[in-house]
Amino acid sequence: VPIGKPINNTKAYILNTDLSLQPIGTPGELFLSGDGVARGYLNRPELTEEKFIQNPYSPEERMYRTGDLARFMPDGNIEFLGRIDHQVKIRGHRIEPGEIENVLLKHPRVKDVTVREWGTDNATSLCAYIVTDETSDRDNFKAYLAEKVPHYMVPSFFMELDTIPLTPNGKVDRHALPEPDVSSALEEYVAPQTEVEKQLAEIW
């Protein structure tokens, strides 16, 4: 989704984690500086210190880290890609759940969807919560996704819900989403075929 260009007296920067400028087309976090930047959050000094930092490209100014993942397009417009704080790391890959949601929403049976992570830093899995217009087979969604995204972006779990739970201000209530059933991710057992596989299975 393009969100346009900076207005007058405002600068926009797309930076990496080292606060270095990202090339055109390369994703990074969106930072804003200029007359439109507030002095901070009311009565929240810690959050103010985290989000409002000195602008390394204009030291007399401060800039605001939006938490938005974005990139500059060749025509100078900024394209919004999602939220930095919604990114998850799965088996070494950084994933934006919103990308998976956008693909699933194009499935003809999907009315609504949200994707979140479950687990720990050492063993994190994705779960897709789907609202459909009829009872569907989760393998159908898994195969659909596998054709359109890399394998590491295909959730381990698919759960069908009547509705996606929302907070009072209309955002997805991630804490109200049910924890997935681990057994639903188990694949059909395939016996070892080669001699090496048999030896490994016996050792394991």
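The values are calculated or read from the model by the stated rules, or taken from the named source; none is laboratory data. Everything quoted here is computed from the prediction, not taken from an experiment. Heads up, the Cβs are rebuilt from the backbone with ideal geometry, glycines too, and the neighbour counts pull from every protein chain shown. These area figures cover heavy atoms from the full protein model, side chains too; ligands, DNA and RNA do not enter into them. Shrake-Rupley method; radii C 1.70, N 1.55, O 1.52, S 1.80 Å.
Filter the stretch 1-35 down to the residues that are touching a residue at least 60 places away in the same chain (Cβ under 8 Å), assigned to a strand (DSSP E or B) and exposed (fewer than 14 other Cβ atoms within 10 Å of the Cβ) and list them by number. Passing the criteria: PRO2, ILE3, GLY4.
Here TYR41 passes the criteria (1) in contact (Cβ under 8 Å) with a residue 12 or more places away in the chain; (2) in contact with a helix residue (DSSP H, G or I) (Cβ under 6 Å, 6 or more places away or on another chain) except the one numbered (1). Within the stretch 159-187, residues that are under 16 Å from VAL131 (Cβ atoms) and modelled with pLDDT of 85 or more sit with their Cβ atoms under 9 Å from residues that are open to solvent by 40 Å² or more (accessible area, probe 1.4 Å) and part of a helix (DSSP H, G or I), at 6+ positions apart or across chains, in these pairs: MET159/ARG138; GLU160/ARG138; PRO165/ARG174; PRO165/HIS175; PRO165/ALA176; LEU166/ALA176. I'd like the full set of residues that are in a loop (DSSP other than H, G, I, E, B), surrounded by 10 or more Cβ atoms within 10 Å (Cβ to Cβ) and not hydroxyl-bearing (Ser, Thr, Tyr), limited to the stretch 36-50. Hits for the stretch 36-50 are GLY36, VAL37, ALA38, GLY40, ARG44.
Can you report the number of residues in the stretch 60-86 which are closer than 16 Å to PRO23 by Cα and either part of a loop (DSSP other than H, G, I, E, B) or touching a residue at least 60 places away in the same chain (Cβ under 8 Å) (or both)?
So the count comes out to 9.
Flag: LEU126 matches the condition of being at pLDDT 90 or above, in contact with a Ser or Thr (Cβ under 7 Å, 6 or more places away or on another chain), open to solvent by less than 40 Å² (accessible area, probe 1.4 Å) and within 24 Å of ARG94 (Cβ to Cβ).
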